[in-house]
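Following: one structure in structure tokens, then a few remarks.
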Amino acid sequence: TMARQILVIEDDALLRDAVDVILTQAGYLVNGVGKAEDGLALLSRWRADLVLLDIRLPGIGGVEALGRLRRAGHR
């Protein structure tokens, strides 16, 4: 079976890397980015089963990014 894919949008690189290590060791495919804009662009070409989204991000904040994801049809 194909591993579940998780997108981590977190601007704290140490936290993002720690989450990546933990989830990868648990068998997930993880893609991490530091800005919501990068995560939104990535989701246009990469399907995530789950998005872990920080609320406070540089540029577009997490709440706005979530709204954009929902308007784009992501659940």
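The values are calculated or read from the model by the stated rules, or taken from the named source; none is laboratory data. Just so it is clear, the model here is predicted, and its values are computed rather than measured. All Cβ positions, even for glycine, are placed from backbone atoms using ideal geometry, and neighbour counts span all protein chains on display. Ligands, DNA and RNA are excluded from the accessible area calculation, which covers all protein heavy atoms including side chains. Shrake-Rupley method; radii C 1.70, N 1.55, O 1.52, S 1.80 Å.
Just checking, how many residues over region 57-67 are of a type in the set (A, V, I, L, M), open to solvent by less than 80 Å² (accessible area, probe 1.4 Å) and part of a helix (DSSP H, G or I)?
Summing the residues that are of a type in the set (A, V, I, L, M), open to solvent by less than 80 Å² (accessible area, probe 1.4 Å) and part of a helix (DSSP H, G or I) in region 57-67 gives 2.
Okay, residues lined up against (1) touching a residue at least 24 places away in the same chain (Cβ under 8 Å); (2) touching a helix residue (DSSP H, G or I) at 6+ places or on another chain (Cβ under 8 Å):
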{"residue": "Leu14", "(1), (2)": "no, no"}
{"residue": "Gly32", "(1), (2)": "yes, yes"}
{"residue": "Ala41", "(1), (2)": "no, no"}
{"residue": "Arg45", "(1), (2)": "no, no"}
{"residue": "Asp49", "(1), (2)": "yes, no"}
{"residue": "Leu53", "(1), (2)": "yes, yes"}
{"residue": "Glu64", "(1), (2)": "yes, yes"}
* To do: Output the number of residues of region 44-68 satisfying the condition of being under 11 Å from Ile9 (Cβ atoms) and under 9 Å from the mean Cα position of the chain (by Cα).
  => 5
* Can you name the residue in region 32-43 that is open to solvent by 30 Å² or more (accessible area, probe 1.4 Å) and not in a loop (DSSP other than H, G, I, E, B) and, of all such residues, is farthest from Glu10 (Cα to Cα)? -> Ala41
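Quick grid of which residues meet (1) touching a Pro at 6+ places or on another chain (Cβ under 6 Å); (2) assigned to a helix (DSSP H, G or I); (3) buried (at least 16 other Cβ atoms within 10 Å of the Cβ); (4) of a type in the set (D, E, K, R):
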position: Val8; (1), (2), (3), (4): no, no, yes, no
position: Val21; (1), (2), (3), (4): no, yes, no, no
position: Thr24; (1), (2), (3), (4): no, yes, no, no
position: Val30; (1), (2), (3), (4): no, no, yes, no
position: Arg45; (1), (2), (3), (4): no, no, no, yes
position: Ala48; (1), (2), (3), (4): no, no, yes, no
position: Ile55; (1), (2), (3), (4): no, no, no, no
position: Leu69; (1), (2), (3), (4): no, yes, yes, no
